[in-house]
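Colleague: Following this message is one structure expressed as structure tokens.
The values are calculated or read from the model by the stated rules, or taken from the named source; none is laboratory data. Worth saying up front: this structure is predicted, and the values here are computed from it rather than measured. FYI the Cβ positions are ideal-geometry reconstructions off the backbone, even for glycines, and counts take in every protein chain you see. Note: areas computed on protein heavy atoms with side chains; ligands, DNA, RNA excluded. Shrake-Rupley method; radii C 1.70, N 1.55, O 1.52, S 1.80 Å.
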Amino acid sequence: MEFTLEFFANDRFKLLKLLCDNQIKVKDNYYVALSQQEIADIAHFSKLKTNKLLNELIDNEFVAYFNGKRGKYMITDKGHKVLYLIQKNNW
């Protein structure tokens with residue numbers, strides 16, 4: 001399925017960028033170990049909004065659960081492509 005960047009013309013990009021900026025590296029893997037509440041607090045979103053946006057990003061394969069574990073998130077190649085395209089166009 002083809003996607004457009006229009007999907008990110010709102011808080012979804014802010015959340016995706018926040019996840020990218022808060023990744024940690026363990027061995028050769030990058031993931032976000034923050035809880036949904038911590039993500040919500042950093043983004044200044046409610047936990048409900050954060051949950052909704054995260055589920056949308058997961059459902060559209062921009063973010064995935066790290067090693068299938070709920071509560072640990074990783075940005076997919078598709079998510080990294082979006083970050084690259086949007087940031088490239090804004091420089």
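Colleague: Modelled with pLDDT of 90 or more and either surrounded by 11 or more Cβ atoms within 10 Å (Cβ to Cβ) or at negative phi (or both) - does that describe any residue in segment 2-11?
Modeller: Start the filter on segment 2-11 by keeping residues that are modelled with pLDDT of 90 or more, which leaves 11.
Subset that is either surrounded by 11 or more Cβ atoms within 10 Å (Cβ to Cβ) or at negative phi (or both): 11.
Yes, segment 2-11 contains a residue that is modelled with pLDDT of 90 or more and either surrounded by 11 or more Cβ atoms within 10 Å (Cβ to Cβ) or at negative phi (or both).
Colleague: I need the full set of residues from segment 33-60 which are closer than 15 Å to Asn22 by Cβ and either modelled with pLDDT under 95 or more than 11 Å from the chain's Cα centre (by Cα) (or both), in order please.
Modeller: Ala33, Leu34, Ser35, Gln36, Gln37, Glu38, Ala40, Asp41, Ile42, Ala43, His44, Phe45
Colleague: Take the residues of segment 71-91 that are part of a helix (DSSP H, G or I) and within 10 Å of the chain's Cα centre (by Cα): which is surrounded by the fewest Cβ atoms within 10 Å (Cβ to Cβ)? I'd like the intermediate steps shown before the answer.
Modeller: Here is the first cut: in segment 71-91, the residues part of a helix (DSSP H, G or I) are 77-89.
Subset that is within 10 Å of the chain's Cα centre (by Cα): 79-80, 83.
On the way: Gly79: 20, His80: 13, Leu83: 18.
Among those residues, the one meeting the criterion is His80.
Colleague: If you take the residues of segment 61-70 that are more than 11 Å from the chain's Cα centre (by Cα) and open to solvent by 30 Å² or more (accessible area, probe 1.4 Å), which of them is modelled with the highest pLDDT?
Modeller: If we filter segment 61-70 for residues that are more than 11 Å from the chain's Cα centre (by Cα), which is where we start, we get 66-70.
Those still in the list that are open to solvent by 30 Å² or more (accessible area, probe 1.4 Å) too: 67-70.
Values: Asn67: 88, Gly68: 83, Lys69: 81, Arg70: 82.
Among residues in segment 61-70 that are more than 11 Å from the chain's Cα centre (by Cα) and open to solvent by 30 Å² or more (accessible area, probe 1.4 Å), the one modelled with the highest pLDDT is Asn67.
Colleague: Can I ask one more? Check whether at least one residue in segment 38-52 is open to solvent by 50 Å² or more (accessible area, probe 1.4 Å), assigned to a helix (DSSP H, G or I) and in contact (Cβ under 8 Å) with a residue 24 or more places away in the chain, and report yes or no. Steps first, answer last, please.
Modeller: The initial filter retains those residues of segment 38-52 that are open to solvent by 50 Å² or more (accessible area, probe 1.4 Å), namely 38, 41-42, 44, 46-49, 51-52.
Okay, now just the ones that are also assigned to a helix (DSSP H, G or I), so 38, 41-42, 47-49, 51-52.
Then drop every residue that is not in contact (Cβ under 8 Å) with a residue 24 or more places away in the chain, which leaves 42, 49.
Yes: segment 38-52 contains one or more residues that are open to solvent by 50 Å² or more (accessible area, probe 1.4 Å), assigned to a helix (DSSP H, G or I) and in contact (Cβ under 8 Å) with a residue 24 or more places away in the chain.
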